[in-house]
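S.K.: Structure provided below as structure tokens; questions to follow.
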Amino acid sequence: MVQMANLFGARTLFNRVRRGFRRPGFFEVRAYTPWKLRREFQTRIGPTAMSVDCYFGLGIQPADADLMPLFERTVIFASEVLRRLSTASPPLNGQGPELVHRARIVTVRRSSAAGVARCGRSTVAWQLI
């Protein structure tokens with residue numbers, strides 16, 4: 001399983017506007033369109049499924065809610081509500097406009113145990129067990 005930032009996620013768009021739409025620097029998050037990620041993983045690894053991981057940021061997880069102040073707990077709650085709704089609503093689950101911030105990609109390898117995929121200017125390396 002690989003988790004990747006969506007180019008059209010709310011937080012990604014905010015960060016892109018903040019840095020003036022320039023290319024990300026060395027330590028900045030790179031985001032990709034969901035259809036490009038799906039195509040690359042299917043082509044280079046094997047059958048691929050995408051699902052929603054979270055909205056509004058890269059680390060929005062319900063397990064962290066008790067550690068967060070009120071505002072962050074509210075963001076986590078809203079993200080979790082949208083994630084649960086995404087199982088029934090095509091615009092939220094990746095079948096329509098991609099609104100999710102971080103996609104969960106699950107892919108099954110065809111034959112080789114390791115490889116490298118080019119996605120834009122970045123390289124994603126993987127090793128599947």
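S.K.: Of the numbered conditions (1) touching a strand residue (DSSP E or B) at 6+ places or on another chain (Cβ under 7 Å); (2) under 14 Å from Ala103 (Cβ atoms); (3) among the charged types (D, E, K, R), Arg44 satisfies every one except a single condition; which is it?
M.R.: All conditions are met except number (2).
S.K.: For region 69-82, check the following and say yes or no: at least one residue is more than 13 Å from Arg104 (Cα to Cα), of a type in the set (Ser, Thr, Tyr) and more than 15 Å from the chain's Cα centre (by Cα).
M.R.: yes
S.K.: Which one of Ser86, Ser111 is modelled with pLDDT of 60 or more and surrounded by 12 or more Cβ atoms within 10 Å (Cβ to Cβ)?
M.R.: Ser86
S.K.: Search region 1-23 for residues that are under 29 Å from Gln42 (Cβ atoms) and in a helix (DSSP H, G or I) and pair each with any residue that is basic (Lys, Arg) and at pLDDT 85 or above when their beta-carbon atoms are under 9 Å apart and the residues are at least 6 apart or on different chains.
M.R.: Once the first residue is under 29 Å from Gln42 (Cβ atoms) and in a helix (DSSP H, G or I) and sits in region 1-23, its partners that are basic (Lys, Arg) and at pLDDT 85 or above give Arg16/Arg22.
S.K.: Kindly check whether there is at least one residue in region 71-78 that is buried (at least 19 other Cβ atoms within 10 Å of the Cβ), at pLDDT 85 or above, within 19 Å of Ala10 (Cβ to Cβ) and not small (Gly, Ala, Ser).
M.R.: Yes - at least one qualifying residue is present in region 71-78.
The values are calculated or read from the model by the stated rules, or taken from the named source; none is laboratory data. The structure displayed is predicted, hence computed values, not measured ones. FYI the Cβ positions are ideal-geometry reconstructions off the backbone, even for glycines, and counts take in every protein chain you see.
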